[in-house]
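Notes for the one structure printed next.
Nothing in this text is a laboratory measurement; each read-out follows from the coordinates by a stated rule. Remember, predicted model here, so these are calculated numbers, not experimental data. All Cβ positions, glycine included, derive from the backbone under ideal geometry; neighbour counts span all protein chains shown.
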Amino acid sequence: MIVLGTVLPHPPILLPQIAQGREVHVQATLNVYETIAVRIQELDVQRLLLISTHGIVTLNRFHILASNLSGNFERFGHPGLTFEHAIDQEMAQLLVNAAESAELPLSRTPIWEQSDHSVGVPITLLGNALPPTIGVVSISFRPPADHYRLGQTIGHALASLDEPTAIIASGDAVHRLNEDSPRGSHPRGEEVQQTYETALTNWDHESLIAMDESLRRDVDESVVSPTLILMGAMQELGANPRILCSEHPWGIGYVTALVDTTPEHH
């Protein structure tokens, strides 16, 4: 059963080895990561699904990792900084079967992007709070409504498990919020960021589905698709979403949210 959902940003600069002092500018986000780690442990989470935005992302299919995860931060100048985790094979198969029944293309894959920081950062920061095995599924370039529908399918499948289960939607919000951004400012960056945060707070998947996809690309966000999967998965659980932190020290939006379920749904 799903007991917790969360939206976590994944900039490698959250890791002190990479930030080398600059992590002081994202201390609020790091504090919330600690809060979420504690919450995972308090709820005795034994199964966890991580939604990746930088894994195997293709035009028409979703992918789920079927072999143990290992990667590194070589792309960010730190090849010696590595991450690994065992994969929950039972969950992977359960989700593939559920997607097949719903006629959604979800493929098991033994290979994964080595430098997938959308997985590497949360795994590194949550550390011992994570269960021994996890599931990792990636977004795709399919329509937003398909992400929500995949989420619904995942939610029904995970509801059949007895163990307390958590879902992490890993994503950074708008990368072009203001002049501080390495990718420059976008005139509608703030607006898209606000639309996202309002939709998340109101648990309003329809406004996320309705967002202009070319605008989403232009402002350079990676959080809407994983959030739609999360929303679909927790649709029937009386979700209670709270944004715990929203900061943008380098013109990039980092939103951290906790989604509790209402007690009668446990």
Long-range HN-HN contacts of residue 244 with modeled amide H, under 5 Å
256, 257, 258
Computed for the chain: size of charge dipole around the Cα centre, +1 on C-beta of each Lys and Arg, -1 on C-beta of each Asp and Glu, debye to nearest 20, value 440
Looking at the chain, send over the antiparallel percent of its DSSP beta bridges, to the nearest 5.
45
With x for Gly and Pro, the residue-by-residue ³J(HN,Hα) of region 91-96, computed from phi through the Karplus equation 6.51 cos²θ - 1.76 cosθ + 1.60 at θ = phi - 60° and given in whole Hz, is 5, 4, 5, 4, 6, 4
How much net charge surrounds residue 64 when only the other residues with a Cβ under 13 Å from the Cβ of residue 64 are counted, with Lys and Arg +1 and Asp and Glu -1?
-1
Expressed as a whole-number percentage, the relative contact order of region 1-93 with C-alpha contacts under 8 angstrom and at least six residues apart is 19
Taking H as built 1.01 Å from N, whose amide H comes closer than 5 Å to the amide H of residue 50, not counting residues under 5 places away?
135, 136, 137, 168
Which ³J(HN,Hα) values in Hz, rounded to whole numbers, follow from the phi angles of region 34-47 under the Karplus curve 6.51 cos²θ - 1.76 cosθ + 1.60, where θ = phi - 60° and Gly and Pro get x?
5, 4, 5, 4, 4, 4, 4, 6, 4, 7, 6, 4, 10, 9
Taking the Cβ-Cβ separation of residue 86 and residue 31 as r and a Förster radius of 35 Å, what is the calculated FRET efficiency to the nearest 0.05?
0.80
Go through region 131-136 residue by residue and turn each phi into a ³J(HN,Hα) via Karplus (6.51, -1.76, 1.60, θ = phi - 60°); whole Hz please, and just put x for glycine and proline.
x, x, 10, 9, x, 10
Taking the alpha-carbon centre of each part, the distance from region 206-266 to region 120-171 in Å is 13
5 angstrom amide H check on residue 82, placed H, neighbours 5+ away:
none
Region 29-129: antiparallel bridges as % of DSSP beta bridges, rounded to 5, reads 55
Point-to-point label distance, residue 59-residue 38, nm (Cα→Cβ direction, 7 Å offset):
4.8
Set the Förster radius R0 to 35 Å, insert the Cβ-Cβ distance between residue 160 and residue 204 as r into 1/(1 + (r/R0)^6), and round the FRET efficiency to 0.05.
0.85
At 222 nm, what value in deg cm²/dmol follows for the chain if DSSP H runs of at least 4 each add -39500 (n - 2.57) and the sum is divided by all its residues, to the nearest 500?
-10500 deg cm²/dmol
